[in-house]
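As structure tokens, the structure follows; a few thoughts come after it.
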Amino acid sequence: MLSVSILGALSYLEVALCVIALVLIVARKQWKDYSWLGIFLAVRAGSDLLLTGIHKFLPHVVGRLVAYNYYACTYWTTAAVESVVMLMIVYGVFRLAMAPLKGLQTLGMLVFKWAAGISVAVALGNAFTPNSTDSFAITAISQLQRTQSILTLCLLLFVCFAIRPMGLSYGSRIFGVGLGLGMMSTNDLVQSAWLAFHPSMATAYSVINGIVVCAILAMWTTYFALPEPRRRMIVLPTTSPFLRWNQISQALGDEPGFVAVGGIPPEVFAPAELEVMRRASAKMPAPAGAPAPKVTDFPTPIRRTASTAI
């Protein structure tokens with residue numbers, strides 16, 4: 001009974017912290033940068049309230065068995081939504097952390113999309129394992145939670161190594177959100193492994209899980225309540241791998257030039273381009289006895305860059 005009372009108190013505390021953190025994100029005008037975190041907090045608070053209502057009141061209305069089915073369906077549905085939203089939070093944190101280096105940001109976001117897509121495909125594929133005793137949906141959601149946790153831990157490792165080169169500090173909200181996600185993912189992985197070997201201790205670990213989640217929410221609340229340190233200007237040495245890879249990424253993303261092969265009708269050029277070519281042709285010395293070149297005479301291919309292409 002004591003464990004049940006503690007779980008109830010932690011559930012209400014979790015809802016309160018979610019609401020406070022959500023209000024602070026809006027009040028600090030950080031919704032644009034942390035909208036997915038706000039959505040996660042709203043989903044988490046709504047899920048806790050809904051599950052608590054189902055657990056307390058629904059058995060008296062429809063019976064314990066039907067209430068349990070509703071509870072399980074709501075729990076796994078919200079767990080799937082939270083896993084997807086957490087992937088989007090990781091995506092947003094990476095985008096904010098790499099904002100000064102646009103080349104690496106673009107390349108990293110592309111790699112992240114591929115990794116997330118492969119993770120979802122692997123999670124769905126593992127759900128078809130013949131030895132699984134759970135339903136397809138439960139197995140798929142469990143696998144998605146594990147792959148999402150691994151991606152989150154990889155992000156946290158990157159942010160920890162790149163925090164100084166990217167001009168961030170440990171008081172930055174980017175680091176705080178990433179740290180909280182890493183703690184939550186580690187807790188989920190430990191919980192999954194622990195319950196696989198000790199299923200009888202589900203209630204005890206639920207208390208531990210509630211304490212960890214409340215600590216993470218309290219940390220996020222503190223980060224958004226306190227003023228954020230100004231991001232430092234990035235000064236990288238010429239030998240920095242961040243600078244080199246950023247230059248390479250920007251070069252790979254440049255638009256190529258275009259070459260026109262064969263005759264080109266004048267209609268494809270802008271009037272200003274025609275005037276420039278007319279004046280350039282007028283200045284060219286014509287051979288004796290040959291007529292002056294016309295604008296429409298293009299005996300050789302003309303190279304046009306992306307900036308002047310129509």
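The values are calculated or read from the model by the stated rules, or taken from the named source; none is laboratory data. Quick caveat, the model's predicted, so the values are computed rather than measured. Neighbour counts run over all protein chains shown; Cβ positions are idealised from the backbone, glycine included.
So which residues in the range 82-91 are more than 14 Å from Phe175 (Cβ to Cβ) and either aliphatic (A, V, I, L, M) or modelled with pLDDT of 85 or more (or both), if there are any at all?
Glu82, Val84, Val85, Met86, Leu87, Met88
Within the range 152-211, take every residue that is outside any loop (DSSP other than H, G, I, E, B) and among the charged types (D, E, K, R) and give me the one that is modelled with the lowest pLDDT.
Among them, the one singled out is Asp188.
What residue, among those in the range 205-235 that are charged (D, E, K, R) and either in contact with a Leu (Cβ under 8 Å, 6 or more places away or on another chain) or farther than 20 Å from Leu181 by Cβ (or both), is surrounded by the most Cβ atoms within 10 Å (Cβ to Cβ)?
Top of the filtered list is Arg231.
What's the number of the only condition in (1) within 24 Å of Ala67 (Cα to Cα); (2) crowded, with 19+ Cβ neighbours inside 10 Å that Ile25 fails to meet?
Failed condition: (1).
Scan the range 67-83 and tell me whether some residue there is in a helix (DSSP H, G or I), within 26 Å of Ala225 (Cβ to Cβ) and of a type outside the set (Phe, Trp, Tyr).
Within the range 67-83, one or more residues are in a helix (DSSP H, G or I), within 26 Å of Ala225 (Cβ to Cβ) and of a type outside the set (Phe, Trp, Tyr).
Tally up the residues in the range 1-44 that are part of a helix (DSSP H, G or I), at pLDDT below 90 and out of contact with any Asp or Glu (no Cβ under 9 Å at 6 or more places or on another chain), please.
9
When the range 1-19 is examined, which residues are found to be surrounded by fewer than 17 Cβ atoms within 10 Å (Cβ to Cβ) and either within 27 Å of the chain's Cα centre (by Cα) or within 17 Å of Gly176 (Cα to Cα) (or both)?
Ala16, Val19, listed by residue number.
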